[in-house]
Amino acid sequence: MDFFAHQDKARKHTKVLVVYFVIAVACIIASVYLASLVIFFGTQSQQQPGNPTPEIVLWNPKLFFYAMLGTLGVVIVGSLYKTAELAKGGSAVAESLGGRLISPAPTNPDERKLRNVIEEMAIASGVPVPKIYVLDEDEGINAFAAGHAPGDAAIGVTRGCMTLLNRDELQGVIGHEFSHLLNGDMRLNLRVMGVIFGILCLAVIGRILLYSRSRRDKNPLMLLGLALIIIGAIGTFFGRLIQAAISRQRESLADASSVQFTRNPAGLSGALQKIGGVGSLIESPHAGEANHIFFSDGLGKPFFRMMATHPPLAERIRAIDPSWDGKFKHVSGSQSLKADGRIPQQPNG
């Protein structure tokens with residue numbers, strides 16, 4: 001695997017997708033401006049009955065300034081609010097998912113293996129050892145890294161990940177998660193989530209304006225509210241599409257980085273193949289909010305492929321091991337996934 005070329009490709013794609021986010025916000029500003037222009041032009045025409053209908057002027061600098069200021073204000077304030085709400089460190093995320101903090105000197109052999117692998121990876125990476133959590137209720141194979149920086153990071157693994165993977169496979173998974181920490185993926189995810197929430201706030205403001213009351217029968221603010229609901233909903237949908245695409249690129253980057261860290265592509269490939277035999281579903285009710293930070297999809301195959309936060313298992317394995325025969329590794333008591341990466345809708349275990 002040419003992981004350096006794979007890393008460069010993933011980084012370039014992520015930069016392009018971030019530019020798409022900027023373009024999306026610019027389009028939202030333009031949409032709010034055009035909606036405001038049409039609504040207030042129509043209101044002005046109705047207030048002057050009998051007079052010739054004034055010609056609509058597409059460029060109104062003053063109205064554009066207010067539309068831009070208002071839109072950016074809502075998006076920025078909403079983003080800052082969401083960012084502050086999420087700024088609780090990796091431990092808060094792990095605990096919300098039902099994680100149990102393991103001891104610095106565990107007596108359980110599997111926990112000791114997990115801690116040793118994470119400590120070795122931290123020393124090799126030159127970062128502090130993150131807090132380590134185990135999701136005891138989840139028998140599928142999955143893991144996550146959370147935190148804004150290596151100093152407040154936490155790494156969590158499911159019980160299935162800890163017990164069903166051998167040391168090389170576990171090292172491949174942990175190398176993947178360390179990549180997320182070292183490449184700033186957690187900060188990127190936080191910012192993207194903040195921007196999407198800010199766009200969603202436009203729809204919230206729209207609902208407030210839609211239900212505003214006036215003694216006059218015709219209230220332009222109600223029409224503007226309806227426009228904001230539509231623009232906010234469409235903007236949020238496309239924002240989530242871009243977020244999913246960014247997540248898929250960062251997962252590819254993390255896979256390549258894991259191979260670089262461990263120098264053992266067979267370990268990561270073996271872990272992914274075992275996910276094909278066990279699954280990776282997460283039982284926590286908060287799994288949906290955190291699905292983009294998991295090692296593998298924690299919710300199952302999405303209905304809409306472009307909304308997937310992870311590349312298909314088969315695609316990830318073949319990127320690491322082009323000679324893979326398409327067969328997943330079976331684990332006692334489990335059913336395998338199909339070679340296209342589809343996840344069966346069944347409880348883990």
**Request:** Using a cut-off of 14 Å between beta-carbons, work out the net charge of the residues near GLY239 (Lys and Arg +1, Asp and Glu -1, GLY239 not included).
**Result:** +3
**Message:** Taking the solvent-accessible surface of protein heavy atoms with a 1.4 Å probe, what is the per residue accessible area of region 260-300 in Å²?
**Reply:** 31 Å²
**Prompt:** Counting pairs of alpha carbon atoms under 8 Å apart in space and at least six apart in sequence, what relative contact order in percent does region 62-204 give?
**Reply:** 33 percent
**Contour excess over end-to-end distance, with Cα ends at LEU188 and GLN260 and 0.36 nm allotted per residue** = 23.8 nm
**Asked** With contacts defined as alpha carbon pairs under 8 Å and 6 or more residues apart, what's the relative contact order of region 128-236 in percent?
**Response** 21 percent
**Complete:** With label points set 7 Å from each Cα along the Cα-to-Cβ direction at SER212 and TRP324, the distance between them in nm comes to 5.4 nm
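Might you tell me the accessible area per residue for region 71-198, computed with a 1.4 Å probe and given in Å²? Can you show the working numbers first?
Numbers: 4960 Å² over 128 residues.
I get 39 Å² per residue for region 71-198.
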**Request:** Considering only DSSP beta bridges where both residues belong to region 113-219, give the percentage that are antiparallel (nearest 5).
**Result:** 45 percent
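In the neighborhood of ASP110, defined by Cβ-to-Cβ distances under 12 Å, what is the net charge if each Lys or Arg adds +1 and each Asp or Glu adds -1? Don't jump to the answer; show the numbers that get you there.
On the way: positive: ARG112, LYS113, ARG115, ARG159, ARG167; negative: GLU111, ASP136.
Taking every other residue near ASP110 into account, the sum is +3.
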**Message:** What does the charge count around VAL195 come to, taking other residues whose C-beta lies under 12 Å from its C-beta (Lys +1, Arg +1, Asp -1, Glu -1)?
**Reply:** +3
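The values are calculated or read from the model by the stated rules, or taken from the named source; none is laboratory data. Bear in mind that the values here come from a model prediction, so they are computed numbers and not experimental data. With ideal geometry, Cβ positions are generated from the backbone for all residues, glycine too; neighbour counts draw on all protein chains shown. The accessibility values were calculated without ligands, DNA or RNA, using every heavy atom of the protein model including side chains. Shrake-Rupley method; radii C 1.70, N 1.55, O 1.52, S 1.80 Å.
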